[in-house]
Amino acid sequence: MGDTVPVPNRYRRTIRIGPVQVGTYYDRHGTARHTAACTAPGCGFSADYRDRSAAELAARTHHCKP
């Protein structure tokens, strides 16, 4: 009782900047959130932002660490 199953994020307005994908989703409170995630193998970078411009800036300035 009381167990909740997390709902997967449904990303909208996805773009790719280099190896980083930026997407917008709505959290459980209905607030728009923006994610930047690197798709390069072994990188592991991802972060959530309140502003789309901040997520896109993170994507533009991200450099994968070898």
**Item:** Of all residues in the stretch 12-26 being open to solvent by 50 Å² or more (accessible area, probe 1.4 Å), touching a strand residue (DSSP E or B) at 6+ places or on another chain (Cβ under 8 Å) and of a type outside the set (K, R), the one that is nearest to C64 (Cα to Cα)
**Value:** P19
**Prompt:** In the stretch 40-59, what count of residues is obtained for those that are of a type in the set (S, T, Y) and modelled with pLDDT of 95 or more?
**Reply:** 2
**Request:** Among the residues of the stretch 41-66, write down those that are exposed (fewer than 13 other Cβ atoms within 10 Å of the Cβ) and either over 17 Å from R12 (Cα atoms) or β-branched (V, I, T) (or both).
**Result:** P41, G42, G44, R60, T61, H63, K65, P66
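The values are calculated or read from the model by the stated rules, or taken from the named source; none is laboratory data. The model shown is predicted, which means the values in this text are computed figures rather than measured ones. Ideal geometry is used to build each Cβ from the backbone, glycine not excepted, and the neighbour counts take in all protein chains shown. The protein model used for the area step is the full one, side chains on, heavy atoms only, and it has no ligands, DNA or RNA in it. Shrake-Rupley method; radii C 1.70, N 1.55, O 1.52, S 1.80 Å.
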